[in-house]
Structure formats: C-alpha cells, structure tokens
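Right, one structure below, let's go through it.
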Amino acid sequence: MLCGPVPHIKQERIATHAFTMYRSTFIFAARPTYCVRAAKFAHPQRSPTRRPSLFMTISTRFIVLLWLFIAGFAHAEPAPRCIAPAKPGGGFDLTCALVAKGLALEKSQDAKMSTVYMPGGVGAVAYNTIIDQHASEPSTFTAFSSGSLLNLAQGKFGHHDEHAVRWLAAIGNDYAVISVPADSPFHTLGELMAEVKRKPTDVLFGTDATIGGQDWMRIASLARTAGINPDKLSYVVFEGGGEGMVAMLAAHVNAIASNLGEVSTQLESGNIRVLAVLSQERLPGKYHEIPTAREQGYDLTWPTMRGVYMGPDVDEKAFRYWQARFQHMLADPSFDTLRENSGMFPLALTGDELTSTIQAQVEQYRKLAAEFGLMPGRR
C-alpha cells in the first residue's frame, strides 16, 4: 500500500477598500489520509505506463485551475475609481466621465474606471475622507476644480490645506458662464444686470456654494464690476451644478453662474440661453456665438481648471505610473476630441508644474477673498 496526505485548502480573508476576497492555499494534512495499492501504479509485473483514471486527471486539473484563478483574483490590483465630490450632473461628474473615457482609449487591463459620488461641503467631505481614510490607495482619483482651490484658500476644507494631497493632473479648462432659461425675458447680460441694479433682491441667482464659493464669487465680482453691492443680491445654494440647472429649468431661480461644460448639453438642446462667457475673447468652434462679458462692458474673466488628485501617502511608484498614464492620455489627439465634446478646452499639466500652478492660484484666491472681506484677519 502507498499512503499519502490529502491536500486541502486554507482560506485567508483579504479585505480591500471595496470588498472582501479570499485567497486559497493548498496545504497538506500532517497524517496520511488515503492509501492506494502500489501494484495499481508501479508493480513490476503490471504495466508501469498505465495512466491514472480519467476522473483523477480531470479532478486534479480542475483543482489546479481553480487555485490559479483564486490566487490571481486575490492578488489583482483594485480597478481605478474616480470620486466626484458632489451629486451627479455637475462639473466634478463631468471630470470623472472625461477621465474614464480618456483612460479607455488605451484599452488596457486597468482602463475601466468607476465613478463614486461623495457630496458634502462642495468637495470638503471628499478631501478630508481621502486624506484621513484613503491616503495610500493607489488607484483612487478625486476630481477638483478651481472652485476647490478657492475653498482651500479660505480654509473651508478644515485644517487641511493645498499641500495635503498629491495633485496628479489637470485635464482641461472650463469657462464660467451666466445662463438663463430659454424663455427668460433677459437676452443680454446688460439686461440682466440692469434688472439686478433696479431690484437686487428680486432676481434669484443659483449657486453651488455659500458665500465665498466659486459661483458666489463670480456673481459678486460681476456685481462689483457693475457698481452693485454683492451683499444685496439674492442667492439660492445647491450642492453641485446639476441641482442648480434643474432648479433654473423649473423656474425656481432666474439665472445661474456655472461652467460651460456643465451647461453644454442643455444649451445644445435649446433649453437655456447663455448670456455671457467669462473668457478673454470669444471661444472657438461651436461656442463662438456666445458673447463675452468683456465685450458687453463687464471686465471679468474666470477660467476653471479641472483635474484630479490622489491621497498624500500613495506609493511613489504607483503615483509615477498614473502620472505617465495621464501624460500619455493628454497627448493623444483622440483625447482632444473627447475634451472638446465635454465643453472643455486644452489644458494639460502634471507633476511639479501642476503643483506650482495650484499653489500660485490658491494664493491669488486668498487675495481675492480678502478683497471681499472673507479672510479672517485680512479685512
């Protein structure tokens, strides 16, 4: 008789940020648990080349394949995900969608990306969650915009500042616009501001932030340019540009300050009218007919940077890997088409260049906020 141990499977629980997996490993019992007749396989008078039974062959192959599958699954890197720090439909959602389409151009194994919505504090909840709970996740990106930097400049993200995360890539420029419903009585920015000057509390502006937020700052700056006290205006606050658009189409507000990328679908559908774009000059392509605020007598521009950041403790190798992936994506002509279709315009920054640009912009926003008396100790 030949006796030997029977292999069995040991399972180990492996927890990731998304779900729980089990890794299976073959180990052998300490005592023999099965025996077969030696003559069946190696008796000198019997055929030494006789093969094991078909059942044993199939069973062995199945177990080996199963083990390889489970082991490979357990060691697989988590799929990339993008956190949109607002409700669906706004600029952060637009950013994640563009990143997902851009990465999909490469058709690589980790190109499929999911979007997770994490509203709260116009980005504050997501910023603090990434830093405090997911600081080292190697495949998690969070969308940011110039509005995020404005909030950071004013300390609205708690005790974390602009140095608390790793800025991965800026993927495009969006431009601020002032929009009204298609059936609005206002056909120009001048008509809207004239009514605001005459009855400042009667015109309701929808914004995606409270006092000091990006939309509020745009409207306040526009009012100041027109000689109107921003404190006298009426604002209705929403969590993200998507909610503001729904409210305006339902006639709950008269106008919204948002970004071209956020309103492009409704504009092309004929549901809204864009009174002005806050750019230096008219934009190229299909948006060329939109007049600038400057040409209507209001010297105000507001480009909006859009991009993604990662946690502060992400491994350097993982960060450099994704930095290279984004650089390749941004250099792909096909991505230019995707970005244009999203209502955004060329901007491609990564690495130290992006970090220095962000730090400079945050400092500019601190000065702007101080002009409106929003910075403690700098009134």
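The values are calculated or read from the model by the stated rules, or taken from the named source; none is laboratory data. All values reported here derive from a predicted model rather than from experimental measurement. Using ideal geometry, Cβ is built from the backbone for each residue, glycine included, and neighbour counts are taken over all protein chains shown.
Read through the list (1) within 24 Å of Ala223 (Cβ to Cβ); (2) free of Cβ contacts under 8 Å to residues at least 40 places away in the same chain; (3) out of contact with any Leu (no Cβ under 8 Å at 6 or more places or on another chain), then give the number of the only condition that Met118 fails.
Among (1) within 24 Å of Ala223 (Cβ to Cβ); (2) free of Cβ contacts under 8 Å to residues at least 40 places away in the same chain; (3) out of contact with any Leu (no Cβ under 8 Å at 6 or more places or on another chain), Met118 violates only (1).
What number of residues in the stretch 322-343 are within 25 Å of Ser258 (Cα to Cα) and either modelled with pLDDT of 95 or more or surrounded by fewer than 20 Cβ atoms within 10 Å (Cβ to Cβ) (or both)?
Residues that pass the stated criteria total 8.
Can you find a residue that is within 19 Å of the chain's Cα centre (by Cα), within 30 Å of Ile290 (Cα to Cα), surrounded by 16 or more Cβ atoms within 10 Å (Cβ to Cβ) and modelled with pLDDT of 95 or more anywhere in the stretch 114-132?
no
Please work out which one of (1) surrounded by fewer than 21 Cβ atoms within 10 Å (Cβ to Cβ); (2) under 30 Å from Leu189 (Cα atoms) is the condition Ala293 fails and give its number.
Every condition holds for Ala293 apart from (1).
Of the numbered conditions (1) crowded, with 17+ Cβ neighbours inside 10 Å; (2) on the phi > 0 side of the Ramachandran plot; (3) modelled with pLDDT of 95 or more, Leu204 fails exactly one; give the number of that condition.
(2) is the only condition that Leu204 fails.
What single numbered condition from (1) of a type in the set (Lys, Arg); (2) farther than 18 Å from Gly123 by Cβ; (3) surrounded by 21 or more Cβ atoms within 10 Å (Cβ to Cβ) fails to hold for Lys199?
Failing condition for Lys199: (3).
So how many residues does the stretch 220-237 have that are of a type outside the set (Gly, Ala, Ser), without any contact (Cβ under 8 Å) to a residue 40 or more places away in the chain and closer than 16 Å to Ala176 by Cβ? Even if it seems obvious, please write down each step before you answer.
Residues of the stretch 220-237 that are of a type outside the set (Gly, Ala, Ser), as a first pass: 222, 224-225, 228-233, 235-237.
Now drop any that are not without any contact (Cβ under 8 Å) to a residue 40 or more places away in the chain, which leaves 224, 228-229, 231-233, 235-237.
Those still in the list that are closer than 16 Å to Ala176 by Cβ too: 224, 235.
Qualifying residue count, the stretch 220-237: 2.
Considering the stretch 153-187 alone, what residues qualify as being in the same structural domain as Asn128 (by TED's automatic domain parsing) and part of a loop (DSSP other than H, G, I, E, B)?
Answer for the stretch 153-187, where residues must be in the same structural domain as Asn128 (by TED's automatic domain parsing) and part of a loop (DSSP other than H, G, I, E, B): Gln154, Gly155, Lys156, Phe157, Gly158, His159, His160, Asp161, Glu162, His163, Ala164, Val165.
Mind checking which residues of the stretch 79-113 are part of a loop (DSSP other than H, G, I, E, B), surrounded by fewer than 23 Cβ atoms within 10 Å (Cβ to Cβ) and either in contact with a strand residue (DSSP E or B) (Cβ under 9 Å, 6 or more places away or on another chain) or at pLDDT 90 or above (or both)?
Those that are part of a loop (DSSP other than H, G, I, E, B), surrounded by fewer than 23 Cβ atoms within 10 Å (Cβ to Cβ) and either in contact with a strand residue (DSSP E or B) (Cβ under 9 Å, 6 or more places away or on another chain) or at pLDDT 90 or above (or both): Ala79, Pro80, Lys87, Pro88, Leu105, Met113.
Can you report the number of residues in the stretch 140-165 which are within 20 Å of Thr115 (Cβ to Cβ) and touching a strand residue (DSSP E or B) at 6+ places or on another chain (Cβ under 6 Å)?
Residues meeting the conditions: 7.
From the list Asp352, Asp313, Asp336, Asp332, which residue is closer than 11 Å to Leu98 by Cα and either more than 17 Å from the chain's Cα centre (by Cα) or among the acidic types (Asp, Glu) (or both)?
Step by step, each of Asp352, Asp313, Asp336, Asp332 is checked, and only Asp336 is closer than 11 Å to Leu98 by Cα and either more than 17 Å from the chain's Cα centre (by Cα) or among the acidic types (Asp, Glu) (or both).
Within the bounds of the stretch 179-188, is there any residue that is closer than 30 Å to Cys82 by Cβ and either surrounded by fewer than 22 Cβ atoms within 10 Å (Cβ to Cβ) or not hydrophobic (A, V, I, L, M, F, W, C) (or both)?
Yes, there is a match, as at least one residue in the stretch 179-188 is closer than 30 Å to Cys82 by Cβ and either surrounded by fewer than 22 Cβ atoms within 10 Å (Cβ to Cβ) or not hydrophobic (A, V, I, L, M, F, W, C) (or both).
Would you call Gln323 assigned by TED's automatic domain parsing to the domain that holds Phe205, on the phi < 0 side of the Ramachandran plot and not aliphatic (A, V, I, L, M)?
no
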